[in-house]
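Peer 1: I have a structure here, written as structure tokens, and I will follow up with some questions on it.
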Amino acid sequence: MFDNLSTKLDRAFKTLKGQGSITEINVAQTIKEVRRALVDADVNYKVAKTVTDKIKDEAMGRDVLIAVSPGQLMVKIVHEELTELMGGEKQDINIKGDPAIILIAGLQGSGKTTFTGKLANYLKKQNRQVLVAACDVYRPAAIEQLKVLAGQVGVDVYTNMEEKNPVKIAQEAIAFAKQNHKKVVIIDTAGRLAVDEAMMNEIAEIKRAINPTETLFVVDSMTGQDAVNTAKTFNERINFDGVVLTKLDGDSRGGAALSIRAVVEKPIKFISTGEKMEALDLFYPDRMAQRILGM
Amino acid sequence: VGKSKVDEEVLDDLEEMLVHSDVGVGTTIKIIKRIEDRVARDKYVSTNELDKILREEVAALLEENNSGKGTEITVPAGIKPYVIMVVGVNGVGKTTTIGKLAAQFHKAGKKVVLGAADTFRAAAVDQLIIWGQRVGVPVISHGMNTDPASVAFDAVKKGVEMDADVVIIDTAGRLHNKVGLMNELTKIKRVMQKFIEEAPHEVLLVLDGSTGQNAVLQATEFTKATDVTALAITKLDGTAKGGVVIGISDEFKIPVKYIGVGEKIEDLQIFNKYEFVDSLFSRKK
Ligand SMILES: Nc1nc2c(ncn2[C@@H]2O[C@H](COP(=O)(O)OP(=O)(O)OP(=O)(O)O)[C@@H](O)[C@H]2O)c(=O)[nH]1
Ligand SMILES: Nc1nc2c(ncn2[C@@H]2O[C@H](COP(=O)(O)OP(=O)(O)OP(=O)(O)O)[C@@H](O)[C@H]2O)c(=O)[nH]1
Ligand SMILES: [K+]
Ligand SMILES: [Mg+2]
Ligand SMILES: [Mg+2]
């Protein structure tokens, strides 16, 4: 795809022959190709438009004679721009507080429960006392699933099979954590669609009731154009602190990462790269930019 | 649009709209080309007519495989049990779709048996058992961390013994780029065939409606590994449009049979391409 894109761009630059630098006239077709490549990588088309407009400004007047090919120079400029967009200050997860409370939210099947287990494992390895709380009262066997994962990583899990109100379970779990000297409580919640008013009210209510140290939005890296809608709505309702991008062990381009970053301006804090509890990594903007461009 | 004639600008808007519904650049260009051809042929096409033409052209891409009336999985007379294997990447909605599908067959008076061949994902077996209880159909399981192929074999065998009409096999979610896990699917199929040569009679690939262009690669690899016969698109109760399926259906000639529109037992609908195309274009901009 990297060769692909730069070859395409070379072709688009054919009008450039004999000219030493990138100009308004010769860059138009190239910008269109870049935009299409981004959209094919599932970057939201509006975001792709904004990004390519910026890239165009950046590229204008650049000397192409020093580059191996104008296409490659263009790819380099695009890569730099994407890296910068997704980068900025690297932000770690905030676990200050006694206990620190981490709220996990997102769409159905995005990987929340699995991530809850992984984060518990990650923090446990830093010698922290971790409790996970099973607040998905809807999905069949969701509580059992979290129990199994907590068992695998060796952390305690708070459940209350009788209680049907997730707000109450979350509050109980925090009280339990305080009594039992846990330093971090991770709250797993049910998957919900951004258009589901009742469920969005519920997650907002959970957040209000427990005042978490950190709220993380978990999103599937295979998500298409809708990533923007979802991230926007969740951000409006729960003002999350960071994003977790999952299933990056697949071969999706992961354009959603760029879209979300551009639309809500929240950092991506973790990436999930497998089903096993160890498959958790930090986010590197540079690698993500390469991935989106198929480099 | 405020314009009366289809021109470059109108087509650019159209491209944006299609791409925004996850139709993908390739398929979008194909659709636009078809419209350009028609505009050239019919000389003058108003923007009012464009809507209709667009619907027709998109529906045509789905045409060969989908009748407008809808095409659920029908159990042919003389095949008993009819074995359906359900596959897809992680978290798309396989197990839930199986629960809903079982409910539909059950309601239609068919005897259904479920096979819990996802023995890997935490509490996957419990999840299917709960669905089995909800619907009121038996679930064949060997518990977690057992061989999925032998669960599938056993489910088919039990299906025969119990005189079932339909056996539905749940499988673990797997990403299509994992060769070992894809081979496992082929093995599950092969082992079932030791008992019923033609099994599975259907392989239902479940795609998440919010997935972007990666769904094309999913369709490619699952088709290679299992000869997919039908598609189900889930989570269309949200704002995602699932447009990627147009290209997939066209390229692989696999019919879309179901859409998932919620988490409840009744939230499975038979795919209707006209309604699907309508919802694609009903977006408020
Ligand atoms: N390959 C892969 N699979 C993952 C990853 N993260 C989660 N999964 C799988 O994705 C599926 C869904 O994960 P869950 O953790 O159940 O997702 P969830 O968001 O809790 O789902 P709901 O509670 O139903 O909304 C499961 O099969 C997980 O094993 C990942 O990074 N890579
Ligand atoms: N809103 C909505 N949610 C759905 C739909 N179908 C499934 N879900 C939800 O999506 C999540 C994942 O569904 P599962 O059926 O567990 O998915 P799966 O493909 O079996 O997942 P794995 O076995 O982990 O790969 C659950 O929370 C389901 O309730 C749907 O059509 N609409
Ligand atoms: K998903
Ligand atoms: Mg969960
Ligand atoms: Mg499942």
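Every number in this text was worked out from the coordinates using simple rules, so none of it is lab data. In this text, all values refer to a predicted model and were calculated from it rather than measured experimentally. All Cβ positions, glycine included, derive from the backbone under ideal geometry; neighbour counts span all protein chains shown.
Peer 1: Mind checking the angle between helix A:255-264 and chain A's longest principal axis? C-alpha axes, 0 to 90 degrees, to the nearest 10.
Peer 2: With both axes taken from Cα atoms, the answer is about 70 degrees.
Peer 1: Continuing with this model, one more query. Under the classification rounded if a/c is under 1.5, otherwise prolate if a/b is larger than b/c and oblate if not, where does chain B fall, given a ≥ b ≥ c as square roots of the Cα gyration tensor eigenvalues?
Peer 2: In terms of gyration-tensor shape, prolate.
Peer 1: Rounded to the nearest 500 deg cm²/dmol, what is the calculated helix-only ellipticity per residue at 222 nm for the protein assembly as shown, with -39500 (n - 2.57) per DSSP H run of length n ≥ 4?
Peer 2: -15500 deg cm²/dmol
Peer 1: So, one more: Across peptide A:223-236, what mean number of C-beta atoms from other chains lies inside 10 Å of a residue's C-beta?
Peer 2: 5
Peer 1: On to the next question. How do B:207-217, A:218-228, B:251-261 rank on mean C-beta neighbours within 10 Å, highest first?
Peer 2: With the highest mean Cβ count within 10 Å placed first, the list reads A:218-228, B:207-217, B:251-261.
Peer 1: Further question: Can you give the local net charge around B:Thr27? Use residues other than it whose beta-carbon is closer than 12 angstrom to its beta-carbon, Lys and Arg +1, Asp and Glu -1.
Peer 2: Around B:Thr27, the surrounding residues sum to -3.
Peer 1: For the ranges B:170-183, A:238-251, B:90-103, B:229-242, what's the packing order if you count other beta-carbon atoms within 10 Å of each residue, average per peptide, and put the highest first?
Peer 2: Top to bottom by mean Cβ count within 10 Å: B:90-103, B:229-242, A:238-251, B:170-183.
Peer 1: To the nearest 20 Debye, how big is the dipole of the protein assembly as shown about its Cα centre, given +1 on the beta carbon of each Lys and Arg and -1 on that of each Asp and Glu?
Peer 2: It comes to approximately 540 debye.
Peer 1: Let me ask something else. I want the antiparallel fraction of DSSP beta bridges within the protein assembly as shown, as a percent rounded to 5.
Peer 2: Taking every DSSP beta bridge with both residues in the protein assembly as shown, the antiparallel ones total about 15 percent.
Peer 1: Right, something else. Among residues other than A:Asn235 whose Cβ falls under 15 Å from its Cβ, what is the net charge (Lys/Arg +1, Asp/Glu -1)?
Peer 2: Taking every Cβ under 15 Å from that of A:Asn235, the sum is +2.
Peer 1: Which angle between 0 and 90 degrees, to the nearest 10, do you get for helix A:24-40 versus the longest principal axis of chain A when only C-alpha atoms count?
Peer 2: Tilt of helix A:24-40: around 30 degrees.
Peer 1: Take peptide A:139-148, look around each residue's Cβ out to 10 angstrom, count Cβ atoms belonging to other protein chains, and average those counts.
Peer 2: What the average comes to for A:139-148 is 6.
Peer 1: According to the square roots a ≥ b ≥ c of the eigenvalues of the Cα gyration tensor, what is the shape class of the stretch A:148-287, taking rounded for a/c under 1.5, prolate for a/b larger than b/c otherwise, and oblate for the remainder?
Peer 2: It comes out oblate by the Cα gyration axes.
Peer 1: Using Cα positions and a limit of under 29 Å, work out the lysines in reach of A:Lys76, with same-chain residues fewer than 8 apart set aside.
Peer 2: Within the straight-line limit of under 29 Å, A:Lys76 reaches these lysines: A:Lys8, A:Lys14, A:Lys17, A:Lys32, A:Lys46, A:Lys49, A:Lys54, A:Lys56, A:Lys90, A:Lys247, A:Lys266, A:Lys269.
Peer 1: Still on this structure, please answer the following. Among the lysines in the stretch B:28-149, how many pairs, 8 or more places apart or on different chains, have alpha carbons under 20 Å apart?
Peer 2: Lysine pair count for the stretch B:28-149: 12.
Peer 1: Angle between the Cα long axis of helix A:70-86 and the longest principal axis of chain A, 0 to 90 degrees, nearest 10?
Peer 2: 30 degrees
Peer 1: Separate question: If you take each beta carbon of peptide B:210-222 and count the beta carbons of other chains within 10 angstrom, what is the mean?
Peer 2: The shielding value for this peptide is 6.
Peer 1: Nearest 5 is fine: what % of DSSP beta bridges in chain B come out antiparallel, could you say?
Peer 2: In chain B, approximately 15 percent of DSSP beta bridges are antiparallel ones.
Peer 1: Compute the signed sum of charges (Lys and Arg +1, Asp and Glu -1) over the other residues within less than 12 Å, Cβ to Cβ, of A:Gly224.
Peer 2: Result for the local shell: -3.
Peer 1: Using a Förster radius of 51 Å, what is the FRET efficiency between A:Asn180 and B:Thr47 based on their Cβ-Cβ separation? Nearest 0.05, please.
Peer 2: For A:Asn180 and B:Thr47, the calculated efficiency is 0.15.
Peer 1: Let me ask another. So which GluC sites (Glu not before Pro) in the stretch A:256-290 are both in a DSSP loop and have at most 16 other Cβ atoms within 10 Å of their Cβ?
Peer 2: Here the sparse-neighbourhood loop sites are A:Glu265, A:Glu278.
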